[in-house]
Amino acid sequence: LKETYSAAQAEESPIKITAEYDPAPAVERIKSFVAHYNKVIDYINNELSEEQFRDYDPLTESQKEEMSDKEIELWEEKAKSGLLRNDRILQGIVNELRRALTDLVDEAGLTLSSIGITSGSYTDRGKLQVNESKLKEALLNNRDKVEKLFIAKSDISYSPDLSLEERTQRYRQSGLMHRVSDILNDYIRTTRNKNGNKGILLEKAGISGDTTEYKNTLSNEIKRIEERITRAVQQLNSKEEAYWKKFTVMEKAIQQMNSQSSWLTAQLGLGNG
């Protein structure tokens, strides 16, 4: 983009001032956005596809006592591997992010692919690649539209309590950066919605330093399982005690029978042949 202005000096000789737009800073910012996006996608995809070792169950305390610290470390590394494999929530984040970058932004009139940003091969699993020359060309020829594509702001502010209609309108009007921000907020938001819930991931697994660290779906499920185990152990102990009482009564009865049998044998003289 080049604009030329003319002015007159005191001697009335023209002065030409040329302003030329430099797309380089914008290119670097967009590349930075793509790099951070790829980092997030790559991390989640690695968790979704991590190998699972089903033969490595969590160790009991007695098992740990028979192993070295290094053996415990290696075992637990295998046991924890693949815990998030094909996780529904993480897969949902990836799908929403990928859709957000391909759906049209109102008034932008451009897509990422039209400015040189495309998905790689199948093995890249949704990561983006940047064609710098095509991106520079788009910035030089359609800078306003490229800006809208990335940073267009909706008339509606983000809130976890938006109606479906409001969310749809905000989504259509928002540039890609705002869309990505909204998605991440939905999953890792630390503020509560009108129902008292935080982000989806925090409600599921919690986060260190937050109340959800000790009160989340997984911790509540673990607590319920521990309570069931405690009740089962109590029932087992009660059963064991009841059987011991019956065994003791039976043993006394057998001893009495043996004693009576010995007495009867002696009385009848059966023991003398």
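One table, with the values for the structure above:
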| quantity | calculated |
| --- | --- |
| Pairs with Cβ under 6 Å, 6+ apart, first in segment 146-163 and at pLDDT 95 or above, second among the acidic types (Asp, Glu) and not in a loop (DSSP other than H, G, I, E, B) | Ile156/Glu166; Tyr158/Asp182 |
| Given (1) within 30 Å of Lys31 (Cβ to Cβ); (2) of a type outside the set (D, E, K, R); (3) open to solvent by 70 Å² or more (accessible area, probe 1.4 Å), number of the condition Asn195 does not satisfy | (1) |
| Where Ile188 falls short, out of the listed (1) closer than 16 Å to Arg99 by Cα; (2) of a type in the set (A, V, I, L, M, F, W, C); (3) modelled with pLDDT under 95 | (1) |
| Criterion: more than 24 Å from the chain's Cα centre (by Cα), at pLDDT below 90 and open to solvent by 70 Å² or more (accessible area, probe 1.4 Å) - qualifying residue of Ala19, Ala10 | Ala10 |
| Gly209 vs. criteria open to solvent by less than 30 Å² (accessible area, probe 1.4 Å), outside any helix (DSSP H, G or I), at pLDDT below 95 and not basic (Lys, Arg) | no |
| Near pairs, Cβ below 6 angstrom, 6+ apart or cross-chain, from segment 97-119 (farther than 13 Å from Arg179 by Cβ) to any residue that is assigned to a loop (DSSP other than H, G, I, E, B) and among the polar types (S, T, N, Q) | Gly116/Asn131 |
| Test set (1) more than 26 Å from the chain's Cα centre (by Cα); (2) over 16 Å from Val34 (Cα atoms) - Asn197 fails condition number | (1) |
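The values are calculated or read from the model by the stated rules, or taken from the named source; none is laboratory data. Note that this is a predicted model, so its numbers are computed, not measured. Because the Cβ atoms are built from the backbone with ideal geometry, glycine has one as well, and the counts that use them run over all protein chains shown. Note: areas computed on protein heavy atoms with side chains; ligands, DNA, RNA excluded. Shrake-Rupley method; radii C 1.70, N 1.55, O 1.52, S 1.80 Å.
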